[in-house]
Each structure stands twice: as C-alpha cells, then as structure tokens.
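For reference, the structure is listed below as structure tokens.
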Amino acid sequence: MGFVVLTGDDADAVDAAARSVSGATGLTRLGVADQGLLWQVSTAEDDGSGEAGDDSGAADDPAAGASAEVSRARVVDATGASAPVEIVDGTVEVTGSPLAASGEGPRLLVLAERAGVTTAHVDGRALEEADPVDGWAQAYVLPGGEVSVELSASPVWYRVVVVCGWILVLMSAVVAVPIGRGGRR
C-alpha cells in the first residue's frame, strides 16, 4: 500500500495538480494531512472491500472504476468492469478491449478531467454526455461495438473568440497606420 502526498505554495498550481491526481484510477483521496493533500494508492490485489481509508464508494458506483490501472481514459460497462484505453492525438480507439464489443447495457467513456472541458464525437456526431462520475469526471455514453472517439478540448465558442480577436487586431493595425492628408496648403 502506498500514498501520494501533494504539496506546494502556489494554490492554483496545487488545485490543478490535485484535479489531475484525483482523476487517476487507482487512487483514493483521503483528505488533507499536515504535509499536504493525501491519496492512497490501490493495487490490483486490493479487493475493494472498503477497508479503512477506502471512502471511494467504488463498490456502490460502477463508474467509479474497478480497475487499479492508472489511465486518462477508461471504458466502464454496465456491470462496473473498467478497462483503460489510450488517447493518441486526441483519438480514443475503443477496440481490442474485453469491453470494446460489450453488448450488455450502456458503456461509458470516462475521462480523468472535470466535466465540461472536453467534447467527444464519433463519425462527426457528438456523443451524449453522461452524469459526471464521482461528481466531477467527464463521462460520455458510448455507442455499441468498436468505435473511434475524437476528443477536443476546445469549447465550441473558442474558435469564434479567436476569429473575433484576429479581426480586432487587424482593425487596430489599420487604424494605427498613418494615412496622409490630401494636399498641403
């Protein structure tokens, strides 16, 4: 059994790191200790019987993750079985996994980041968002069979704001260029 302690002086940096660490499957947040924020590392041999310090509720919540393998994304089936999936260049291939073709009940793609940050698409169609796992982790309902999910961390309004910003910069440059008056008198 191991522990992870997160310390630091910059509150914003510690909060960002805490969100990342909290999203890792196989870690159970224990709370604040004298040294800093504290997580307990679960191993594959842990039976999830709720021993002291295990307040994750994994036995009660199938999406909480039965796997002790750490990953940024995982697929969780209706029985609560969890399998990590790899994200490569913003794409999650839900193939070759025991849960890839699972046909019994809905499957969730659970990401180790707060809800509302990422959008997911399959064949250009947006995936249905599921309720956040553990109250914060982004989750999507996966269609049946093996799929390739495209992830994007940019919100929908981001491109509009960038284009408006460039237009504003261009207009400012045009206004700043001195234009001579007609003729001198």
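The values are calculated or read from the model by the stated rules, or taken from the named source; none is laboratory data. These figures come from a predicted structure and were not determined experimentally. We place every Cβ from the backbone using ideal geometry, glycine too, and count neighbours over all the protein chains shown.
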* To do: Grab the strands (runs of 3 or more DSSP E) fully contained in region 118-163, keeping just those with 1 or more residues being in contact (Cβ under 8 Å) with a residue 60 or more places away in the chain.
  => 137-142, 147-152
* What number of residues within region 73-106 are modelled with pLDDT under 80, in a loop (DSSP other than H, G, I, E, B), buried (at least 17 other Cβ atoms within 10 Å of the Cβ) and not small (Gly, Ala, Ser)? -> 1
* Structure fact -> With criteria (1) at pLDDT 70 or above; (2) not in a loop (DSSP other than H, G, I, E, B), residue 9 comes up short on (2)
* Go over the candidates 130, 139, 120, 115 one by one and state the one that is surrounded by 11 or more Cβ atoms within 10 Å (Cβ to Cβ), hydrophobic (A, V, I, L, M, F, W, C) and modelled with pLDDT under 85. => 115
* Asked: Tally time: how many residues in region 15-36 are more than 27 Å from residue 109 (Cβ to Cβ) and modelled with pLDDT of 75 or more?
  -> 6
